[in-house]
Amino acid sequence: MRVTLLGTGDTTGTPTVGCDCDTCEAARERGVSRSRFSVHVANERTGESLLVDFSPDFRQQFLAADVPLPDAGLVTHIHFDHLDGLGNVYRLVDGLPVHAPSETDPATDRSVAETIRDKYDYLEDRIGVHARDPFEPFETCGFEVRFVPVDHPPLVCYGVVIEDPETGAKLSLTGDTSYDVPDRSREALAHPDLLLADAIVPASLCEHHPIGGRHEGPDGVPRTFGTKHMTREGALALADDLDAERTRLVHLAHFYPADEAFEEPLAVDGETYEL
């Protein structure tokens, strides 16, 4: 399993358009990027590849990383920075299976799968949307895959578990989530070779959020920024809870102070891992 981090940023990315903050300037000086979230997972045994989330930066990500177009895709939730790149597959692929959760979201009265079908009806001859029940494993690209519910109000959102049944390699992605990941989902995500964990900002920035932080640890440090995303400290605590062999922090905002923004284990676009 070869994992390529195509996009490691939050909704505006780093550098952010029109921003001259120290962190965005440092990213420009270093020649690094954190574009909107997306992960490419290649099965080197079968020669197939799977794309987790369709970033609006799809075109540039694939050109920069020089990875093959996917043989299948997953969508974790319907926010634009995880979905709106799907339109890029027009005239690039034919018959792409797109797997998405089947659970109806009370906030939209639609499942993720139904929303994709409605929004991208013009791609109906290019993609096939497959609704998948949470926790139920399915096979794609030679991998066993599961969607697991996480906590990203007000929408339902999912993490992903990807395992190679032949080699035993396991990749876990938290998806966009607070630290309040349900116990059953934690069990599914546990013991990965690589964990990709949402860590939008350091906990020190919670004081600037209108409602502060949540899910304080024993040291009083918030593990959730507001209600929707984990802090860096929360993501690292979750990694410990899950007994992750290796962790990379993703979905990172440009609000990290410049002297912290590129420290380990914060990821940047283009990183690759062999599992």
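Structure notes:
- Per-residue surface analysis assigns ASP118 an accessible area of about 90 Å², computed on protein heavy atoms at 1.4 Å probe radius.
- The loop-placed trypsin sites (Lys or Arg not before Pro) in region 87-142, going by DSSP, that have at most 16 neighbouring Cβ atoms within 10 Å of their Cβ come out as ARG91.
- For region 61-129, GluC sites (Glu not before Pro) are listed when DSSP marks them as loop and at most 11 other Cβ atoms sit within 10 Å of their Cβ; the list is GLU124.
- Taking a ≥ b ≥ c as the square roots of the eigenvalues of the Cα gyration tensor, an a/c ratio of 1.5 or more together with a/b no larger than b/c marks region 47-187 as oblate.
- Cα-based equivalent ellipsoid of the chain: semi-axis lengths in Å, sorted from largest, via gyration tensor: 27, 21, 19
- Dividing the summed helix terms, -39500 (n - 2.57) for each DSSP H run of n ≥ 4, by the number of residues in the chain produces a 222 nm estimate of -4500 deg cm²/dmol to the nearest 500.
- Separation in nanometres of the label points that stand 7 Å from Cα toward Cβ, at ASP22 and ARG184: 4.6
- Accessible area per residue, Å², the chain with all protein chains present, probe 1.4 Å: 42
The values are calculated or read from the model by the stated rules, or taken from the named source; none is laboratory data. As the structure is a computational prediction, the values presented were derived from the model and not from experiment. Here the Cβ is made from the backbone with ideal geometry for all residues, glycine too, and neighbour counts use every protein chain on show. With ligands, DNA and RNA removed, areas are computed over all heavy atoms of the protein, side chains included. Shrake-Rupley method; radii C 1.70, N 1.55, O 1.52, S 1.80 Å.
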